[in-house]
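Let me begin by presenting the structure, written as structure tokens, before commenting on it.
The values are calculated or read from the model by the stated rules, or taken from the named source; none is laboratory data. Computed from a predicted structure; not experimentally measured. Cβ sites come from the backbone with ideal geometry, for glycine too, and all protein chains shown count toward neighbours.
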Amino acid sequence: MPQGERGIVELFTDFTTEDNIAETAATRNYGDFIIGGDGSEDVDSGVITGAADPNLNGVGRLTTTNEDKHTLLVGTNIMWDVGLMGTIMAECRIQLNNLDTKEVFFGFSDIDPNILSIEDDVVHGAGTTITNTASDFVGFLLSADLTDDEDWHAVYNGGSASAVTDSTALDLDDDAVAGEWQVLKLVLKITGEVEWYIDEVLVKTLAGAVSTSTDLALALAVEAKGAANEELDADYLLVRGSRDWTV
């Protein structure tokens, strides 16, 4: 196949634009990314700007509906293949207004972003148990339903490494703090090895954490775990990989 100079696929947003909170399309364009998730078409769900104080750099507030297990995500369609697109890196800088009644997932899965509910379709944490629903996913999980409800957990399924359901074995010992920014980064290597970073510190490495042959979508997602609109503030979102010239 012919090749050109654009060998890197890089998508980025600084969250400087507004998504109409009353927009009712199930999936909407948001710069290089899309907005989706189960319930994202409802009139009280979307991404607004100017939410943080100050709003320097551009900050978007991802907002769910007030219905249990409804999700709002910013991400991509299914387009990433670990075995064909070299090292894939995804990074975001986020802040949570509170750690109550919400679940957060940042990572990759084989679930169509139009319909994605974190709990119903990808992964869920409750007590000390992780329920792996999607056949293929990898990323960070924070869940108000977990016993360690303030900590980030490294979750995965579908690679050569055995899936784990004991949350204490996936605990990254790095708590989210309400009102404080954190940088989350994932590095997916062509071998299926994955690295998890928090604030540029490598907190976990696992060989075979992700499939090298299943196409994946990226999602920065927040989900309601009760009857309140849940929020996640995002400063930026970045994903980068090598172009598969055989397509």
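In this structure, is E195 acidic (D, E) and buried (at least 24 other Cβ atoms within 10 Å of the Cβ)? Working first, answer last.
On the way: acidic (D, E): yes; buried (at least 24 other Cβ atoms within 10 Å of the Cβ): no.
No.
For the range 204-220, the condition of being out of contact with any strand residue (DSSP E or B) (no Cβ under 7 Å at 6 or more places or on another chain) and closer than 30 Å to L56 by Cβ holds for none of the residues.
Applying the set (1) hydrophobic (A, V, I, L, M, F, W, C); (2) more than 12 Å from the chain's Cα centre (by Cα); (3) not in a loop (DSSP other than H, G, I, E, B) to A90 leaves exactly one unmet item: (2). On the given criteria, is A227 surrounded by fewer than 15 Cβ atoms within 10 Å (Cβ to Cβ), under 26 Å from T27 (Cα atoms) and either in contact (Cβ under 8 Å) with a residue 60 or more places away in the chain or not acidic (D, E) (or both)? The answer is yes for A227.
Per this entry, I78 is not counted among residues that are modelled with pLDDT of 95 or more, surrounded by 22 or more Cβ atoms within 10 Å (Cβ to Cβ) and β-branched (V, I, T). On the given criteria, is L184 in contact (Cβ under 8 Å) with a residue 24 or more places away in the chain and touching a Cys at 6+ places or on another chain (Cβ under 7 Å)? The answer is yes for L184.
Scan the range 94-101 and give yes if some residue there is in a strand (DSSP E or B), within 13 Å of the chain's Cα centre (by Cα) and without any contact (Cβ under 8 Å) to a residue 60 or more places away in the chain, otherwise no. No, that holds for no residue.
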